[in-house]
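Chemist: Before I ask anything, let me first share the structure, which is written out below as structure tokens.
The values are calculated or read from the model by the stated rules, or taken from the named source; none is laboratory data. Nothing here was measured: the structure is a model prediction, and the numbers come from that model. Cβ sites come from the backbone with ideal geometry, for glycine too, and all protein chains shown count toward neighbours. In case anyone asks, the SASA skips ligands and DNA or RNA and just uses the protein heavy atoms, side chains included. Shrake-Rupley method; radii C 1.70, N 1.55, O 1.52, S 1.80 Å.
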Amino acid sequence: MHIFCDSSQVAYGAVAYFRWETTSGEVGVRFVMAKSRLAPLKKLSLPRLELMGALVGAKLWKHLSVVFKSLVKRVVMWTDSEICLHWIKSSAKEWKQFVSNRVVEIQDCVVPDRWFHCPGLENPADRLTRGISAVSLKSDDLWWSGPRWLKSPRYDWPQQKFRVPDEYMQEKRIVVHTAIVKDDPLIDISMFSSLTRLLRVTAYVLRFLGKLGGKSIQTGPLVAAEISEAEEFWVKQVQREHFDFEITRLNRGQQIPAASRIWSLAPYLQEGLLCVKGRLEKSELTQEEKHPILLPRSKYTDLLILHEHNRGFHLGVIATLSRVRERFWIPKDRQSVKSVLKSCLVCRKYRAEPARQQTGQLPQDRVVACPPFTTVSTDFTGAITVKTTGGALQKVYIVLFTCAVTRAVHLEVISNMSVKSFIMSLRRFLARRGCVKVFYSDNAKTFRSSCEILKGFKSIIRQLELKSFITSEGISRKFIPERSPWWGGLWERLMRSIKEPLRKTLGRALLTLEELSTILTEIESVINSRPITYDSDELVEPRALTPSYFLLPGHRNTGFVPEYFFRFVRICI
């Protein structure tokens, strides 16, 4: 495969030919394919256009090598540009970006050793770039069969003796090495996280330098004047780093150009410090408040903001900003204060949100279908005061039994925290609700409080008498882990559902034990009528499930609400 490339100021392209030799020595050449493009509107030099034509030829070979994969043995690339040929045969890193990018693409498609030079008059791709009429093209042997020497042996092909003109040096990449000498600062401010420490270290360094020059004889602890001198040193240093051009013009008595970012602040120099003029000249404020010192955003500014934040007992953005503005003016100071306060470790610790933890899997006892009150958990409420028949006051307690599957509740009232009273309530529960298989309760080891109710419950569930009774009934006991009260959410949430109706309706009313038992039974009925599934707004959707559907199958519980109960409470109050 022979591919010829050429270009002009109008167009560039490439044309491909097959060349074959028979066993008898006959040579044949035939046209295969051509590709051309118009030159870009932006005017380019002729060597660059020749390079773009060579790129078209390389891509043309890449396409034909796939089409005639088993037919073509090798490729020969031809161009009449000596400069372009020298670029292709050299390293792409030596040339400027335009030439370098295209040389890399060409070398990826065709190895540089396959490129050769041919005379311009014998290049058939010249017809692509300069144009020819259809009549002339039909009878043009150079276009259809290539140059005549292509049918000759290799030693008759054009000799590869070409001279590279000086024009190719225009595309030579020039490498310039520059060295920047940067003086190390006297004190590296990036090593400090406290403004107080920075100023004290700076003050000691300035004192030492003063003693070397014979200007200072100060000894002992630092005085306020040395701290002020250190602060002034850093302010001037920061201003010189960011506003050197403006300070230089002000020292020469010149105006700051309007393009400066601090032109609107009308800055001026006062004792070597860049201050803001502002519009409060006629006010009765102090000189520092009327003309604050201008500070850009820098490491020193961040230390200053953090220092005022700590002095203000870690106040918020507005309070810290107000303290900073008493002496300094920082462009975009509100954003700077917000950014610095976000890095305050103390504030971050107290603003931290609790970690989000994924909810664990429910235990098997709560998700396996079973009759109501097969799996039961129990807990005690605090003491409730009732009045006896003789008018005396007595403390009673409420025992909660709840089903882990249907979420139904059963309430019992006991007169004291003895084991006998609890066993009696448990026997009443078992007689009414059926046989219990699993029995959950708090872990007694977690009750370290001095609360009497917790101590009483601890003593109850650890008694041998209770253990023997539960074992005789065939009940399996389970305790929640130690120091893990959230494991008891199954019954703790229902405790709230019991206490809230009692507190909101009874208030300070004193009831007898019989009246309290009646009210608790009615509360039990109301709680068992609450929905435990989603109650849809659509009429066609079924009603929400309630625990009473499982306790009273076949009976529609309309949600018993004792109307007379509220009248009774008003009478008691």
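Chemist: Kindly provide the set of residues from region 20-39 that are open to solvent by less than 80 Å² (accessible area, probe 1.4 Å) and in contact with a strand residue (DSSP E or B) (Cβ under 7 Å, 6 or more places away or on another chain), ordered by number.
Modeler: Answer for region 20-39, where residues must be open to solvent by less than 80 Å² (accessible area, probe 1.4 Å) and in contact with a strand residue (DSSP E or B) (Cβ under 7 Å, 6 or more places away or on another chain): V27, G28, V29, F31, V32, M33, A34, S36, A39.
Chemist: Residue check, L85 against (1) in a helix (DSSP H, G or I); (2) over 47 Å from the mean Cα position of the chain (by Cα); (3) more than 24 Å from W157 (Cα to Cα), all met but one. Which one?
Modeler: The failed condition is (3).
Results for (1) open to solvent by 40 Å² or more (accessible area, probe 1.4 Å); (2) assigned to a strand (DSSP E or B); (3) out of contact with any helix residue (DSSP H, G or I) (no Cβ under 9 Å at 6 or more places or on another chain), shown as yes or no for each residue.
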{"residue": "F4", "(1), (2), (3)": "no, yes, no"}
{"residue": "F18", "(1), (2), (3)": "yes, yes, yes"}
{"residue": "L41", "(1), (2), (3)": "yes, no, yes"}
{"residue": "K59", "(1), (2), (3)": "yes, no, no"}
{"residue": "V66", "(1), (2), (3)": "yes, no, yes"}
{"residue": "V72", "(1), (2), (3)": "no, no, no"}
{"residue": "I106", "(1), (2), (3)": "no, no, no"}
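Chemist: Here is a further query. Of the residues that make up region 22-29, is at least one assigned by the TED database to the domain that holds Q160, of a type in the set (A, V, I, L, M, F, W, C) and farther than 24 Å from G120 by Cβ?
Modeler: For region 22-29, residues assigned by the TED database to the domain that holds Q160, of a type in the set (A, V, I, L, M, F, W, C) and farther than 24 Å from G120 by Cβ: absent.
Chemist: May I ask you to list the residues in region 108-124 that are part of a loop (DSSP other than H, G, I, E, B), open to solvent by less than 80 Å² (accessible area, probe 1.4 Å) and out of contact with any Cys (no Cβ under 9 Å at 6 or more places or on another chain)?
Modeler: Within region 108-124, V110, C118, P119, P124 meet the criteria.
Chemist: Under 30 Å from F208 (Cα atoms), of a type in the set (A, V, I, L, M) and crowded, with 19+ Cβ neighbours inside 10 Å: is that true of L269 in this structure?
Modeler: Values: under 30 Å from F208 (Cα atoms): yes; of a type in the set (A, V, I, L, M): yes; crowded, with 19+ Cβ neighbours inside 10 Å: no.
When the stated conditions are applied, L269 does not pass them.
Chemist: Also: Among what's in region 125-139 and is under 17 Å from A11 (Cβ atoms) and assigned to a loop (DSSP other than H, G, I, E, B), pick the residue that is least open to solvent (accessible area, probe 1.4 Å).
Modeler: My answer is A125.
Chemist: The conditions are (1) of a type in the set (G, A, S); (2) under 60 Å from the mean Cα position of the chain (by Cα); (3) farther than 18 Å from D126 by Cα, and A39 fails exactly one of them. Which is it?
Modeler: All conditions are met except number (3).
Chemist: Which residue, of V346, V337, V376, is open to solvent by 40 Å² or more (accessible area, probe 1.4 Å), in contact with a His (Cβ under 9 Å, 6 or more places away or on another chain), of a type in the set (V, I, T) and in contact (Cβ under 8 Å) with a residue 12 or more places away in the chain?
Modeler: So the residue among V346, V337, V376 that is open to solvent by 40 Å² or more (accessible area, probe 1.4 Å), in contact with a His (Cβ under 9 Å, 6 or more places away or on another chain), of a type in the set (V, I, T) and in contact (Cβ under 8 Å) with a residue 12 or more places away in the chain is V346.
Chemist: So, in region 210-249, exactly how many residues are part of a helix (DSSP H, G or I), surrounded by fewer than 12 Cβ atoms within 10 Å (Cβ to Cβ) and over 38 Å from the mean Cα position of the chain (by Cα)?
Modeler: Counting residues in region 210-249 that are part of a helix (DSSP H, G or I), surrounded by fewer than 12 Cβ atoms within 10 Å (Cβ to Cβ) and over 38 Å from the mean Cα position of the chain (by Cα) gives 5.
Chemist: Here is a further query. Kindly check whether there is at least one residue in region 152-160 that is open to solvent by 70 Å² or more (accessible area, probe 1.4 Å) and at pLDDT 85 or above.
Modeler: Within region 152-160, not a single residue is open to solvent by 70 Å² or more (accessible area, probe 1.4 Å) and at pLDDT 85 or above.
Chemist: Looking only at region 83-104, filter to residues that are touching a strand residue (DSSP E or B) at 6+ places or on another chain (Cβ under 7 Å) and open to solvent by less than 50 Å² (accessible area, probe 1.4 Å); which one of those is nearest to L121 (Cα to Cα)?
Modeler: Per the criteria, the residue is L85.
Chemist: Now for a separate question. I'd like to know if region 382-399 contains one or more residues that are in contact with a Pro (Cβ under 8 Å, 6 or more places away or on another chain), within 19 Å of V526 (Cα to Cα) and either surrounded by fewer than 19 Cβ atoms within 10 Å (Cβ to Cβ) or in the same structural domain as I498 (by the TED database) (or both).
Modeler: Within region 382-399, none of the residues are in contact with a Pro (Cβ under 8 Å, 6 or more places away or on another chain), within 19 Å of V526 (Cα to Cα) and either surrounded by fewer than 19 Cβ atoms within 10 Å (Cβ to Cβ) or in the same structural domain as I498 (by the TED database) (or both).
Chemist: Just the residues that are more than 15 Å from V438 (Cα to Cα) and open to solvent by 40 Å² or more (accessible area, probe 1.4 Å), please, taken from region 400-420.
Modeler: Correct list: S415, N416, S418, K420.
Chemist: So which residues in region 43-57 are of a type outside the set (D, E, K, R) and open to solvent by 50 Å² or more (accessible area, probe 1.4 Å)?
Modeler: Once the filter is applied, which keeps residues that are of a type outside the set (D, E, K, R) and open to solvent by 50 Å² or more (accessible area, probe 1.4 Å), region 43-57 yields S45, L46.
Chemist: Across region 386-418, what is the total count of residues that are among the polar types (S, T, N, Q) and within 19 Å of L506 (Cα to Cα)?
Modeler: 2
Chemist: Going through region 349-368 one residue at a time, which ones are over 30 Å from R407 (Cβ atoms) and either in contact (Cβ under 8 Å) with a residue 12 or more places away in the chain or not in a loop (DSSP other than H, G, I, E, B) (or both)?
Modeler: Hits for region 349-368 are K349, Y350, R351.
Chemist: Then there is this: Can you tell me which of (1) assigned to a helix (DSSP H, G or I); (2) closer than 19 Å to W61 by Cα is the one M77 doesn't meet?
Modeler: Unmet condition: (1).
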